[in-house]
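Q: Have a look at this one.
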Amino acid sequence: MNTTHIIFDLDGTLVDTIEDIALAMNRALAAHGFTELPLESYPALVGWGIHRLAEQALAKQPVRPDLKELPSADPAMADRIAQDALKNYDEEPLRYSKPYPGIKELLDILVDKNLVLAVLTNKPDPVARQVVAGLFPHIPFALVRGDLPGGQIKKPDPALTRDVMEVIGAPPDHTLFVGDSVVDVQTARNVGCPIVGVAWGFRGPEELVAAGADYIIHEAKELLAIL
């Protein structure tokens, strides 16, 4: 395909952020007297935004005799956990996070090819911008869009995706989406763009194949053959 624009997911696609996400959420859980989750439980929980992550973290809590109802049934508690986790994450977004192998080199090549690059993520917008600016300061992304404060529209909602595409001038038939989860596959499908699934992400290739990704790549440089 004659690609002119590429829209990347962030977590699990460009950057391995899982330890910093877990750190922020576990600190919030502990501050409210809940049990911290093991790191290995987080990859299956992320991708839908921090509020959904808080809900799922509460759903995994052991039963506490001092609570009248399950913590996952308390929307106000999920809100508090999410807000505290966001504060924690905003204060320390880059303790452990790092680009996946070959990503920096790939982005340099794409810039040299004059492709328009953007990031669309369900990560909170302020943290997304910190992560991108901190790890890819030399890459001229046309747009970095995360979950905005008070925002209700997230991936895979086509309204959000079309807005991003309009801002960067991305035509659907020349725009490639790159991500690591079923959320990213649905995002691309909802606006009629091809989707490249990355096998190194949080979910693995099986979810991407089942979701119907157009391509699966195992190394960053393999993206170049699809352009």
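Q: With runs of 4+ DSSP H residues as the only contributors, calculate the mean residue ellipticity of the chain at 222 nm using -39,500 (n - 2.57) per run, divided by the residue total and rounded to the nearest 500. Intermediate results must be reported in sequence, preceding the final value.
A: Details: 8 runs with 90 residues, N = 227.
After summing the helix terms and dividing by residue count, I get -12000 deg cm²/dmol.
Q: Still on this structure: HN-Hα J couplings of the range 94-102 from phi, Karplus 6.51/-1.76/1.60, θ = phi - 60°, integer Hz, Gly and Pro as x?
A: Using θ = phi - 60°, the values come out as 10, 5, 10, 5, 8, x, 5, x, x Hz.
Q: What full-extension length gain, to one decimal in nm, is calculated for ASP157 and LYS60 as 0.36 nm per residue of separation minus the Cα-Cα distance? Mind showing how you got there, number by number?
A: Working: separation 97, 0.36 × 97 = 34.92 nm, distance 2.66 nm.
Net length gain for the segment: 32.3 nm.
Q: Would you mind checking the pairs LYS98/LYS154; LYS123/LYS154; LYS104/LYS221 and listing those with alpha carbons more than 20 angstrom apart?
A: Violating the 20 Å limit, Cα to Cα: LYS98/LYS154.
Q: Okay, next question. Could you tell me the distance between the Cα centroids of the range 77-147 and the range 156-227, to the nearest Å?
A: The range 77-147 and the range 156-227 have Cα centres separated by 17 Å.
Q: Based on the alpha-carbon set only, what is the convex hull volume of the range 113-167 divided per residue, in Å³? Write down the numbers at each step before the final one.
A: Numbers: hull volume 4.4 nm³, N = 55.
In the range 113-167, the Cα hull volume divided by residue count equals 81 Å³.
Q: Right, another one. Taking every alpha carbon pair in the range 114-227, what does the distance histogram look like in 5 angstrom bins from 0, in percent?
A: Answer for the range 114-227: a P(r) of 2, 12, 21, 24, 24, 15, 3, 0 percent.
Q: Exactly which chymotrypsin sites (Phe, Trp or Tyr not before Pro) in the range 68-141 are in a DSSP loop and have at most 10 other Cβ atoms within 10 Å? Don't skip to the answer; put the middle values down first.
A: Values: sites: TYR89, TYR96, PHE141; in loops: TYR96, PHE141.
For chymotrypsin sites (Phe, Trp or Tyr not before Pro) across the range 68-141 that sit outside H, G, I, E and B with at most 10 neighbouring Cβ atoms in 10 Å, the list is empty.
Q: Hey, another quick one. Among residues other than ILE7 whose Cβ falls under 11 Å from its Cβ, what is the net charge (Lys/Arg +1, Asp/Glu -1)? Each step should come with its number before you reach the end.
A: Numbers: positive: ARG145, LYS155; negative: ASP9, ASP184.
With Lys, Arg at +1 and Asp, Glu at -1, the net is 0.
Q: In whole Hz and in residue order, list the ³J(HN,Hα) couplings for the range 124-140 that follow from phi through the Karplus curve 6.51 cos²θ - 1.76 cosθ + 1.60, θ = phi - 60°; x for Gly and Pro.
A: x, 4, x, 6, 4, 5, 5, 5, 5, 5, x, 9, 10, x, 9, 8, x
Q: Right, next: Starting from the Cα of TYR215, step 7 Å toward the Cβ, then list every residue of the range 104-135 with an amide N under 19 Å from that point.
A: Label zone hits: 104-120.
Q: Starting from the Cα-Cα distance between ASN2 and ASP79, subtract it from 0.36 nm times their residue separation and give me the gain in nm to one decimal.
A: Numbers: separation 77, 0.36 × 77 = 27.72 nm, distance 4.37 nm.
Length gained, ASN2 through ASP79: 23.4 nm.
Q: Tell me which residues come under 5 Å, amide H to amide H, from ASP147 once H is placed; ignore anything under 5 positions away on its chain.
A: LYS123, ASP125
Read the figures in this text as sums done on the coordinates, not as results from a lab. Everything numeric in this text was worked out from a predicted model, so none of it was measured. Counting neighbours? That spans all protein chains shown, and the Cβs are built from the backbone with ideal geometry, glycine included.
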